[in-house]
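Beneath this line is the structure, given in C-alpha cells, with notes to follow.
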C-alpha cells in the first residue's frame with residue numbers, strides 16, 4: 001500500500017463553524033429543538049459511525065446552528081416559534097474578531113469570539129429580563145468534561161477554577177456552558193474589561209487537554225455597541241448568571257464523545273503508525289469511522305484504512321480518558337485456511353454493538369460471491385476476547401452464519 005501523507009486541517013474549517021455556532025446560538029436558542037447536540041437525535045453507538053476528517057466550512061444562515069468537523073451532526077435549524085426573536089430583526093456587527101447580534105425590540109444581544117484554535121468560542125449574552133451581562137463558552141470542537149474544573153487565566157495569571165458543580169452549567173446545548181455563580185461571573189467580567197488575553201484550561205470528554213486562548217481586543221467596543229442598541233448607555237456593567245435560558249438536554253458522555261468525533265491527536269497517531277490512506281482521500285472521504293464506548297473511561301475508534309473490491313479495512317484504537325489515559329492500537333486473530341491463525345492490525349466492514357461491547361468484522365472476497373471470513377469479539381475489562389470465527393474456505397458464497405465455524409470448535 002502506498003503511504004499517503006496527511007495534514008489534519010484543524011483551524012481553518014473549525015474556525016468559521018465555531019463562530020457560526022456561537023453567534024447562531026446567540027441569535028436563536030431553542031431547548032425543544034435540542035434533543036441532542038445540534039438539535040439532532042442522540043448519536044447511537046450501535047454501529048453508527050461518525051466522520052473522521054473535517055469537511056469544508058459551512059455557511060450558516062442567520063439562526064442556523066452548525067457543528068464543526070469530525071463526528072458532528074448536520075446543521076440544525078431550531079423552530080422559529082421557539083426563538084426569542086426572528087433572525088430578520090437582528091442587527092449584526094464585528095469588532096476585532098467579535099461577532100455581535102442585537103434585537104433591540106426584544107432586549108437581546110449576544111456575541112461570540114473564536115479561540116485561537118477555532119475549537120471554542122467565548123460567549124457574551126445580554127438577555128431579556130436582565131440588565132446584566134452573562135458569560136459563557138461553546139465548545140463544539142472540544143467539549144469539556146462536565147465532571148472536571150475549568151481553569152481560568154487572565155493575562156497569563158490564574159484567576160480561579162470553575163467548579164463543575166457550582167461554577168458553570170450547560171444551557172440550550174450540551175456543549176454550551178455559562179457561568180452560573182454571580183460572584184464568579186462578576187470577578188471574571190471585571191478582569192476581562194481590563195485584560196488583553198483570556199485562557200481556559202480544561203480536559204475534554206475524551207480525556208485530551210486543551211488551552212482555549214482568546215484575544216480580547218474589541219470587547220469594550222462590542223459592549224458599547226450593545227449598550228447603545230439596548231438603550232443602556234452609561235449604565236454600570238454588571239455580570240449575571242444567564243436568566244431565562246433553558247437547561248441543556250441530558251446527553252451521556254459517550255454520546256458527546258461520539259459527536260465530538262475522532263480526536264486530532266488520534267488521527268495524527270493513526271497516520272504516523274500505519275500505511276493507511278488518509279481519511280480524507282478520494283476513496284475514504286465518504287467512509288465514516290466507527291466510535292463507541294467500551295467502559296466508563298475507554299472509547300473504541302475504528303478508523304478506515306483502505307477500500308477495495310467492496311471491502312473497507314479499519315484499524316482499531318482504544319483511547320483511555322481515565323487517570324492514566326493513553327492511546328492503544330489493537331490486534332486481532334484471523335484464520336487463513338492455508339496458513340492457520342495469524343495476527344492482524346486490520347479488520348473489515350466492522351459493526352460495533354455498544355450495548356454488548358461486541359465488535360464484528362466481515363470480509364467478503366470478490367464481490368461477496370466467493371471466499372470470506374467473519375470474526376466476533378467482545379470487550380472484557382481491558383481487551384477484546386474472541387467469541388466466534390467463521391471461514392468460508394470452500395468459496396461458495398452464502399451468508400456468514402452458514403460459513404464453517406473454526407472457533408470455538
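Read-outs throughout are calculated quantities, based only on the coordinates presented, and are distinct from any laboratory measurement. Remember, it's a predicted structure, so these values are computed and weren't measured experimentally. Reconstructed Cβ throughout: ideal geometry from the backbone, glycine too, with neighbour counts over all protein chains shown.
Shape call for the range 263-407 from the C-alpha gyration tensor, a ≥ b ≥ c root eigenvalues: rounded (a/c under 1.5), prolate (a/b greater than b/c) or oblate?
Working: a/c = 2.10, a/b = 1.38, b/c = 1.52.
Cα axes put the range 263-407 in the oblate bin.
So for each of 372-379, 227-234 I average, over its residues, the number of other beta carbons within 10 Å; can you give me the resulting order with the highest mean first? Before the final figure, lay out the partial values.
Values: 372-379: 21.5, 227-234: 13.2.
So the order, starting with the most tightly packed, is 372-379, 227-234.
Quick one: Debye curve from the alpha-carbon atoms of the range 205-289 only, equal weights, vacuum; give me log10 I(q)/I(0) at q = 0.24 Å⁻¹ to two decimals.
One equal scatterer on each Cα of the range 205-289 leads to -1.24.
For the range 88-141, how big is Rg over Rh, using alpha carbon atoms and the Kirkwood form of Rh?
Details: Rg = 11.8 Å, Rh = 11.8 Å.
My calculation of the ratio gives 1.00.
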